[in-house]
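What follows draws every value from the coordinates through simple rules; no lab data is involved. Since we're looking at a predicted model, the values are computed, not measured. Because the Cβ atoms are built from the backbone with ideal geometry, glycine has one as well, and the counts that use them run over all protein chains shown.
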Amino acid sequence: MARQDKRQRLKELRRVMKLVERQGASHQPTPVEMAALVALVDTRLSTGRAAGRSGRAMALLGRMQDKSNDNAPGMDKIACKAGCYYCCDVYVSAQAPRIFAIADWLRETKPDLGAEIARLETADAAIRGKDVDARASAGLACPFLDKGKCGIYPVRPASCRGFFSLSAEACIAGARGDTEEIPTPAHIHPLRGAYEQALSAVLYHWRLPSEHYELTHGVLTALKDENAEARWYDGEDVFANVGIDRADDAMNPEMKQLESEFWHALWAVAHGEPADGPFADRFPDWCL
Ligand code: SF4
Ligand code: SF4
């Protein structure tokens, strides 16, 4: 590739990165916006081996995702508001950097960390081993729910951050087990997916697991060992005993292969290279 082509790509990438950092990705993120998210996350996660880098990177990702949601069409129609929490008794999972960010936040904000760990252990004993269906029928509230509000709101997982309903009645019926159909604004799935894929692309490149771990057990694991984050970035599977979201397991090998080729393309574009492989045509203006 000519040096001039790479310079031109990097210039365009920097322009999109600035835009995305300021106002979030658009509600239907373009592949280049997703590559800009990859570059932004990679920059934050690459800053040394110091503990806390997950927190810094996830704070940025969360801020951008919130801005994307705020600017998306249909958000004036959502029924979600503080104190409404029928959606908080479902199975929740998160990728490792998000779990470390939550653990850090709890360390900073809970005056009695021992009591918090004991409280989470009690909740974990009831939740452990329950998959999505078992969790739904058990009707167990998320242990991070605090007086009707999310107690980890600033660092809540991407799945919670990216879920909105157009009908609180449908959520109530869903919590009773009467329906699985919750009407949502059209943008939420692609938007949430874009933010998850961006993080996955970075983890994939770094050869770190991109799986989603059950939230309560995952946070407890990170909270009980303050070196867990550093050991995980060094390649140790500190979440080996934590359940993995079955959505990750359910993908067949062809889907997994395609997904990793997409991450590979995103990574290339995020570093000023042309995308190759089956996703090259997703970056038409990029391949000069
Ligand atoms: S998703 Fe449903 S239950 Fe949750 S805050 Fe929105 S309306 Fe309320
Ligand atoms: S993490 Fe917060 S938003 Fe998500 S289910 Fe738990 S209480 Fe609800």
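Helix 215-224 axis versus longest C-alpha principal axis of the chain: approximately 90°, rounded to the nearest ten. The angle separating the long axis of helix 96-109 from the principal Cα axis of greatest extent in the chain is about 60 degrees.
For the stretch 43-115, the alpha-carbon coordinates run over 43, 35, 22 Å along the three principal axes, in decreasing order.
The simple Förster model, with R0 at 41 Å and r as the Cβ-Cβ distance, assigns residue 173 and residue 128 a FRET efficiency of 0.90. Only helical runs count toward this figure. For the chain, summing -39,500 (n - 2.57) over DSSP H runs of n ≥ 4 and dividing by all residues gives -17000 deg cm²/dmol at 222 nm. Stretched out straight at 0.36 nm per residue, the stretch from residue 145 to residue 30 would grow longer than its current Cα-Cα span by 38.0 nm.
Could you tell me how many cubic angstrom of Cα convex hull volume the stretch 3-282 has per residue? List each step's numbers first, then the result.
Working: hull volume 37.9 nm³, N = 280.
Spread over its residues, the Cα hull of the stretch 3-282 gives 135 Å³ apiece.
Phi angles across the stretch 18-25 convert, under the Karplus curve 6.51 cos²θ - 1.76 cosθ + 1.60 with θ = phi - 60°, into 3J(HN,Hα) values of 4, 4, 5, 5, 6, 10, x, 5 Hz, Gly and Pro given as x. Separation of the stretch 27-94 from the stretch 113-177 is 18 Å, based on Cα centroids.
Among residues other than residue 88 with Cβ under 11 Å from its Cβ, the summed charge is 0 (Lys and Arg +1, Asp and Glu -1).
A straight Cα-to-Cα reach below 13 Å connects residue 18 with the aspartates and glutamates 33, residues fewer than 8 places away in its own chain not being considered. Amide H contacts under 5 Å for residue 151: 145, 146, restricted to partners 5 or more places along the chain or on a different chain, H placed in the peptide plane at 1.01 Å from N. Over all orientations, the stretch 166-237 has a Cα convex hull whose mean projected area works out to 6.8 square nanometres. Sorting the segments 52-63, 28-39 by their mean number of nearby beta carbons within 10 angstrom, highest to lowest, gives 28-39, 52-63.
Seen from all directions on average, the stretch 113-229 presents a Cα convex hull projection of 8.8 nm².
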